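Before any comments, here is the structure.
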Amino acid sequence: MSHHIVEAVDLQYTYPDGTAGLKGVSFRISHGESVAIVGENGAVKSTLLLHLNGYLTAAQGTVRIGDYPLTKQNLKAVRRSVGMVFQNPDDQLFMPTVFDDVAFGPLNLGLAKEEVVLTVNRALETVGVAHLKQRPPYKLSQGEKRAVSIATVLAMSPDILVMDEPTSSLDPRSRRRLIELLKTFRHTKIVATHDLDMALDLCERTIVLHQGRITADGPTQKIMRDEELLRSSSLEKPLRMQSCPVCAGEKKAF
Amino acid sequence: MNNIGANSFNIGYLDTLACGDSVLHRLDPRAKLIATLMFIVAVVSFDKYALSQLTPFFIYPIVLISLGGLPAGYLLKKVLLVSPFAILVGIFNPLLDKEILIQFGSIGIAGGWISFMSILLRFVLTVTAALILVSLTGFNAVCGALLKFGMPRPFVMQLLFFYRYIFVLTDEAERMVRAGSFRSFNSRAVGFKTFIPLTGTLLLRTLERAERIYHAMCCRGFDGHIRIIRAMKIRHQEIIFTLGWTFLFIWLRCYNIPLTLGALITGVLK
């Protein structure tokens, strides 16, 4: 199952306005791995993700999806295998109804209509929003929009799921539900996030980006304990690993 | 105070109405679209001084509103909201056309006033019919019907995208206006000076969003064609609905019913 592999070799990218983006990023993510890409605002996490499905092309370096390097010729196949969930669901859900939106990908893949209906229903059931099928996306809550966004990608049966800040602007319960849902997926997962607690829950491996470079790549548990590394990358220990100020106060009182 | 948000919410209410379940809601969108188009063509085709001939056409909105269980007050408010356009179109008629056409005792009514009233009447009839169509069918289904009738695909897609993002855009505009009004300490929320950069920013944001949406579409295999599955079926009721209304409109167009009725009543009284 080598097509689930994502490999970046010395990726370099400069924005059109001349600002340096990626400054030589390399990693290899293998089949079934769940990897968090963390970093401060402007650490070019989203830019890196956009390279993984060929939306941006690196000035230097290569991206390999499976056994082949990403080129214009195999872009279609790569985009089918790398499913991308955007940070803002309003960008992702552009069709008039939830059904149309989830059906957009499968119809473009040339599936028969009956097959498309089955696929859409299956994808919506997987994320638990089958009842929203006929609703227009602008009427959904943030949590529902996020779930539908994931369904739109699942309907294309991708091998690799790439998600940009999936838990942003979700309330705690919707966030928890999403994390539990993502845990059930067997895909290779790449998640760019600020939510380090989610990274702890979901990803066994973490890549830390700082100013366009990788400053650490290793087991999430180990990275999240390294306060010095986190501080130098403008991050903080996940909340659950920080000592509780209330309990600490109580201990002092006793 | 600004009320952009309130207005956009109200437009969304049309979709809520379209989710209703009545005989009319269940009809194929194409039948309702044809009936509405026939209605509009019939209403618009009268000559410019037509007034009495137009009144029987109110039967169409009245029947549809009552059978479809639509809120008449809400639809009327929406019609009033856009009425300034119609008023602007006809407001100069009384000034330009001063020839007396009707004489009520000593009061003469100029042709300009009659054509102005006729414009207003046509406006109310056609806009109400269009609103009823959307509230009984839903904007997306109307677009689906247009597509089935051979309307060019890019045009329908533009309409669908417009409708999908009008809410996002009004929300964005509302947030910007609110932010502006919180920091402008006079009564006017958005002055002319702030209006220009605000519109510019909105345009830039829209362009950025358009790019992100295009990207999202590419990610899911967009190749220049948007494919939509729509199951539509013409049954007996659709044929009866469309033909029934079409014949009625033709009849109302060809015979001046109020005039005939008036002549009949005055004849009986004599």
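Report, as an integer, the average count of C-beta atoms from other chains found within 10 Å of each Cβ along B:140-147. Don't jump to the answer; show the numbers that get you there.
Values: counts 6, 2, 0, 1, 2, 0, 0, 0.
Partner Cβ neighbours, averaged per residue: 1.
Using the Cα centre of chain B as the reference point, and only Cβ charges (+1 on K/R, -1 on D/E), how large is the resulting charge dipole? Debye, rounded to the nearest 20.
Using only the charged Cβ atoms, the result is roughly 420 debye.
Can you list the lysines whose alpha carbon sits under 18 Å from that of residue A:145, skipping same-chain ones fewer than 8 residues off?
A:133
Taking the Cα centre of each part, how many Å lie between region B:32-59 and region A:200-235?
70 Å
Over chain A, with a single point scatterer placed on each C-alpha, what log10 of the ratio I(q)/I(0) does the Debye formula yield at q = 0.07, 0.09, 0.16 1/Å?
These q points yield log10 I(q)/I(0) values of -0.26, -0.42, -1.21.
Count, for each residue of A:103-113, the Cβ atoms from other chains sitting within 10 Å of its Cβ, then give me the mean as a whole number. Intermediate values should be presented prior to the final figure.
Values: counts 3, 8, 5, 4, 7, 8, 2, 2, 0, 0, 3.
If you average over the peptide's residues, the count of other-chain Cβ atoms is 4.
Rounded to two decimals, what ratio of Rg to Rh does region A:76-197 give with C-alpha atoms and a Kirkwood Rh?
Details: Rg = 13.4 Å, Rh = 14.3 Å.
On the Cα set of region A:76-197, Rg over Rh gives 0.94.
Hey, how many Å between the Cα centroid of region A:26-69 and the Cα centroid of region B:142-213?
First find each Cα centre; the distance between them is then 33 Å.
How big, in percent, is the set of alpha carbon pairs in region B:37-144 lying more than 23 Å apart? Walk me through the numbers before you get to the answer.
Values: 2041 of 5778 pairs.
Here the tail beyond 23 Å accounts for 35 percent of pairs.
Could you sort A:150-161, A:169-180 so that the peptide with the highest average Cβ count within 10 Å comes first and the rest follow in order? Don't skip to the answer; put the middle values down first.
Details: A:150-161: 23.7, A:169-180: 14.8.
Highest to lowest by the protection proxy: A:150-161, A:169-180.
If Lys and Arg each add +1 and Asp and Glu each add -1, what is the summed charge of the other residues whose beta carbon sits under 13 Å from the beta carbon of residue B:147?
Once positives and negatives cancel, what remains is +4.
May I ask you to order A:80-92, B:166-178 by the average number of other C-beta atoms within 10 Å around their residues, highest value first? Intermediate values should be presented prior to the final figure.
On the way: A:80-92: 22.5, B:166-178: 17.2.
Descending mean neighbour count gives A:80-92, B:166-178.
Could you give the alpha-carbon Rg of chain B over 2.2 N^0.38 Å, rounded to two decimals?
Working: Rg = 23.1 Å, N = 270, 2.2 N^0.38 = 18.5 Å.
Normalised Rg, Cα atoms only: 1.25.
Counting Lys +1, Arg +1, Asp -1, Glu -1, what net charge surrounds residue B:52 among other residues with beta carbon under 15 Å of its beta carbon? If you can, show how the numbers build up before the last one.
On the way: positive: B:48, B:122, B:253; negative: B:47.
So the environment of residue B:52 carries a net charge of +2.
With angles folded into 0 to 90 degrees, how steeply does helix B:59-68 sit against the dominant principal axis of chain B? Use alpha carbons for both and round to 10.
Around 50 degrees separate the two axes.
What order do you get for B:73-79, A:51-57, A:98-104 when each peptide is scored by the mean count of other beta carbon atoms within 10 Å, highest first? Write out the running numbers ahead of the final one.
On the way: B:73-79: 15.3, A:51-57: 19.4, A:98-104: 25.9.
Those peptides, ordered most packed to least, come out A:98-104, A:51-57, B:73-79.
If we count every other residue with Cβ under 9 angstrom of residue A:174's Cβ, Lys/Arg +1 and Asp/Glu -1, where does the sum land? Mind dumping the intermediate values first?
Values: positive: A:146, A:173, A:175, A:176, A:177; negative: A:144, A:171.
So the surrounding residues net to +3.
Within the set A:113/B:32; A:113/B:233; B:148/B:233; A:45/A:189; A:23/A:183; A:189/A:222, which residue pairs have Cα atoms separated by over 21 Å? Intermediate values should be presented prior to the final figure.
Numbers: A:113/B:32 26 Å; A:113/B:233 16 Å; B:148/B:233 11 Å; A:45/A:189 15 Å; A:23/A:183 32 Å; A:189/A:222 19 Å.
The pairs that break the limit, which is 21 Å between Cα atoms, are A:113/B:32; A:23/A:183.
For the protein assembly as shown, give me the percentage of DSSP beta bridges that are antiparallel, rounded to the nearest 5 percent.
Details: 23 of 41 bridges.
Percentage antiparallel, nearest 5: 55.
Under 5 Å between amide hydrogens, which residues at least 5 positions from residue A:163 or on another chain qualify, with H placed 1.01 Å from N in the peptide plane?
Residues meeting the amide H criterion: A:85, A:190, A:191, A:192.
Is there a simple number for the mean count of other chain Cβ atoms within 10 Å of the Cβ of residues in B:222-233, and what is it?
Values: counts 5, 2, 0, 2, 6, 9, 8, 10, 1, 2, 0, 0.
Whole-number average of other-chain Cβ neighbours for B:222-233 is 4.
With +1 assigned to the C-beta of every Lys and Arg and -1 to the C-beta of every Asp and Glu, and no other charges, what is the dipole magnitude of the protein assembly as shown about the Cα centre in debye, to the nearest 20?
Numbers: 57 positive and 42 negative charges, 150 e Å.
Charge dipole of the protein assembly as shown: 720 debye, to the nearest 20.
What's the Cα-based Rg to Rh of the protein assembly as shown, Rh via Kirkwood? Working shown, then result.
Working: Rg = 30.0 Å, Rh = 27.4 Å.
Using Cα coordinates only, the ratio equals 1.10.
Per chain A: cysteines with no other Cys C-beta under 4.7 angstrom?
A:203
Comparing A:212, A:42, A:143, which has the greatest mean-square fluctuation in the GNM of chain A with Cα pairs linked when under 10 Å apart?
So, out of A:212, A:42, A:143, the one fluctuating most is A:42.
Every read-out reported here was derived from the displayed coordinates using simple, explicitly stated rules and does not represent laboratory data. These numbers come from a predicted model, not from an experiment. Quick reminder, even Gly has a Cβ in these numbers, built from the backbone with ideal geometry, and neighbours come from all protein chains shown.
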